[in-house]
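What follows is a single structure, written as structure tokens, with notes after it.
The values are calculated or read from the model by the stated rules, or taken from the named source; none is laboratory data. Keep in mind that this is a model prediction, so the values were computed, not measured. Here the Cβ positions follow ideal geometry from the backbone for every residue, glycine too, while neighbour counts run over all protein chains shown.
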Amino acid sequence: MSVVLPEDPFHRRLHHVAPAGLTSETAQTGGMRRRAAISGATVGSRRLWMGQTHVAPATASLNHHHGDSETAIYVVSGTPSFVFLDLDAEEPHEVRIDAKPGDYIFVPPFVPHREENPDPDLEAIVVIARSSQEAIVVNLPDLRWRGPVRPAE
């Protein structure tokens, strides 16, 4: 008689995802090309999504947010810009963060934003990590939030 033991959470295998293993089977935003490395579909992750985003020269993504996910961005190459609407100012206005290789950007949940690559010749590449199991992308007509008011934490 064989006994089936519960999965041992301390002795599961590691997963290696080489560049050739990245997949574009993920949520997309116009003006960008996302490639998933770590996700529920690729390695069975439960609370994390990680991958690359490529922004073509002289282009901008659509305005979007990532739902309830926190998003961390690391700039690998290029000089991407990240744009959001500052509603705390006397007059609401767009704020632009110009980044370079080695910089990190944090995008809180539900914050409408867009990525831009002002360089006319070079693609910008960033690594993205999200606190959700899959990439959530909600495209928007502009940078204003349109949805329910988020409850206070």
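Apart from one condition, M50 fits all of (1) modelled with pLDDT under 95; (2) closer than 27 Å to R144 by Cβ; the exception is (2). All conditions but one from (1) within 23 Å of A20 (Cα to Cα); (2) at pLDDT 90 or above; (3) within 15 Å of the chain's Cα centre (by Cα) apply to D68; the one that does not is (1). Of all residues assigned to the stretch 108-115, at least one qualifies as being surrounded by 15 or more Cβ atoms within 10 Å (Cβ to Cβ), within 16 Å of R35 (Cβ to Cβ) and touching a residue at least 12 places away in the same chain (Cβ under 8 Å).
Going through the stretch 94-105 one residue at a time, which ones are at pLDDT below 95 and within 12 Å of the chain's Cα centre (by Cα)? The answer is none; no residue qualifies.
Give the residues of the stretch 117-143 that are part of a loop (DSSP other than H, G, I, E, B), within 16 Å of A37 (Cα to Cα) and not hydroxyl-bearing (S, T, Y), sorted by residue number. Spell out how you get there, then give the answer.
We begin by selecting, within the stretch 117-143, every residue part of a loop (DSSP other than H, G, I, E, B); these are 118-123, 131-137, 141-143.
Among the residues that remain, those that are also within 16 Å of A37 (Cα to Cα) are: 131-136.
Residues satisfying the conditions are Q133, E134, A135, I136.
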